[in-house]
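**Q** Can you keep this structure in mind? I'll have questions shortly.
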Amino acid sequence: MTTSPASPTPATPGSPDGPGSTATDASASTTSTDAARGSARWGLTLGIASYAMWGTLPLYFPLLQPAGALEIIAHRIVWSLLFCLVLLLATRQMRGYLAVMRSGRMLAVLSAAAVLVAANWTIYVFAVTSDHVVDAALGYFINPLVTVLLAVLVLKERLRPAQWVALGFGGAAVVVITAGLGTVPWVALGVAFSFGFYGLLKNRAGRTVPAIPGLAVETTVLAPVAVLYLLWLGAQGTSTFVQEGTGHALLLVSSGIVTALPLLCFGAAARLLPLSVVGMLQYLAPIMQLALGVLVFHEEMPVVRWVGFSLVWCALVLLTVDALRSLRVARVAQR
């Protein structure tokens, strides 16, 4: 599913001094328009880069084996925190991070978000290291439907008819896959619901917390448990950090960069692009993950699974078309 990015709206020039615009006014208007187009192009590049990095994660995590999923997540938390602290100092956002750490309410919300993102990371890493890449991709395809469901159940929002139909398609997909394969797609549902609840909490509290301070707070909350777990592995003699050589250790350290870099690109893209374009780009990652699962890891795709995916894609088309129509109506009403 592709779409062309919305054309940036040129900046409105100042009121002309007379019946005709001066050369200076025209030059300023052209410069403003070029700057807006340049920002949109740069935002699109960053957005594609962020989702492409997320989409290729199934190629990265198997490189960290023989470390298990929990050890990988523990290293990801620790090194992400250290990388975030460096970024906070470099971007002069340390004050914002400390302010959140001192805010009881915000810290509580982001602590809950930290638990959810840790669960999401763990399920995802387990999936990509145990031949369930396709299920992980399905989870991120289902995630927008989970977001809509949470809007009804938690936020008590009223849905439009198209959104209800989309939810019906999503539910049918889960039923079809469960009946056809004889097992509930718990990996896909775990990925979708953990990230859905995480997004809900971030939406409620994260509007005032930038991406890097937010991730730094979340990894700060998780770091004590992660460090204790790594120390326990070391005491048991089962840690792979030292035993598997320097290359393996450096790969584990790199998990901090792998975690934070796409988040940085996404945060910048979200500020430069219309929300509708960002919404379209989110499907790039699961499309890439599905392709990797089928073409690279050669996971089985029986007919029933294709039917389930097709139902989810129909639901996403409905959601996208409905969202674009709603956005267009809102813009017309504002004129």
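**Q** Sum -39500 (n - 2.57) across every DSSP H segment of at least 4 residues in the chain, then divide by the residue count to get the 222 nm mean residue ellipticity, nearest 500.
**A** Values: 15 runs with 258 residues, N = 335.
Counting only the DSSP helices, I get -26000 deg cm²/dmol.
**Q** Only Cα pairs under 8 Å and at least 6 apart count here; give the relative contact order of the range 181-335 as a rounded whole percent.
**A** On the way: 23 pairs, mean separation 27.5, N = 155.
Relative contact order, the range 181-335: 18 percent.
**Q** Compute the separation of the alpha-carbon centres of the range 93-148 and the range 225-302 and state it in Å as a whole number.
**A** For the range 93-148 versus the range 225-302, the Cα centre distance is 12 Å.
**Q** So how do Val225, Val317, Val125 rank on accessible area, 1.4 Å probe, biggest first, that is with the largest at the start? Present the calculation step by step, with values, prior to reporting the outcome.
**A** Details: Val225 105, Val317 70, Val125 0 Å².
Greatest to least solvent exposure: Val225, Val317, Val125.
**Q** In degrees from 0 to 90, rounded to the nearest 10, what is the angle of the helix 186-205 Cα long axis to the longest principal axis of the chain?
**A** Rounded to the nearest ten degrees, it is 50.
**Q** Here is a further query. If each of Ile257 and Leu82 carries a label point 7 Å out from its Cα toward its Cβ, how far apart are those two points in nm?
**A** 1.3 nm
**Q** A follow-up question, please. Of Val117, Gly43, Met288, which is farthest towards the positive pole of the chain's charge dipole, taken about the Cα centre with +1 and -1 on the beta-carbons of Lys, Arg and Asp, Glu respectively?
**A** Value: Gly43.
**Q** Note down the nm distance, to one decimal, between modelled labels 7 Å out along Cα→Cβ at Trp232 and at Ala90.
**A** Simple spin-label model gives 3.3 nm for this pair.
**Q** Between Arg328 and Val303, what's the calculated FRET efficiency when r is the beta-carbon distance and R0 is 45 Å? Round to 0.05.
**A** On the way: r = 37 Å, r/R0 = 0.83.
Calculated transfer efficiency: 0.75.
**Q** When the solvent-accessible surface of protein heavy atoms is calculated with a 1.4 angstrom probe, in what order do Glu157, Glu218, Glu300 fall, highest first?
**A** Working: Glu157 95, Glu218 0, Glu300 150 Å².
Largest accessible area first, the residues go Glu300, Glu157, Glu218.
**Q** Moving on. How much of the accessible area of the range 35-138, probe 1.4 Å, is carbon plus sulfur, in whole percent? Intermediate results must be reported in sequence, preceding the final value.
**A** Working: 3150 of 4590 Å².
Roughly 69 percent, rounded to a whole number.
**Q** Right, another one. Want the number for Val294 to Lys156: 0.36 nm per residue separation, take away the alpha-carbon distance, what's left? Don't jump to the answer; show the numbers that get you there.
**A** Numbers: separation 138, 0.36 × 138 = 49.68 nm, distance 3.84 nm.
The span from Val294 to Lys156 would gain 45.8 nm if fully extended.
The values are calculated or read from the model by the stated rules, or taken from the named source; none is laboratory data. Keep in mind the model is a prediction, meaning the values are calculated, not measured. Using ideal geometry, Cβ is built from the backbone for each residue, glycine included, and neighbour counts are taken over all protein chains shown. All accessible areas refer to the heavy atoms of the entire protein, side chains included, with ligands and DNA or RNA removed. Shrake-Rupley method; radii C 1.70, N 1.55, O 1.52, S 1.80 Å.
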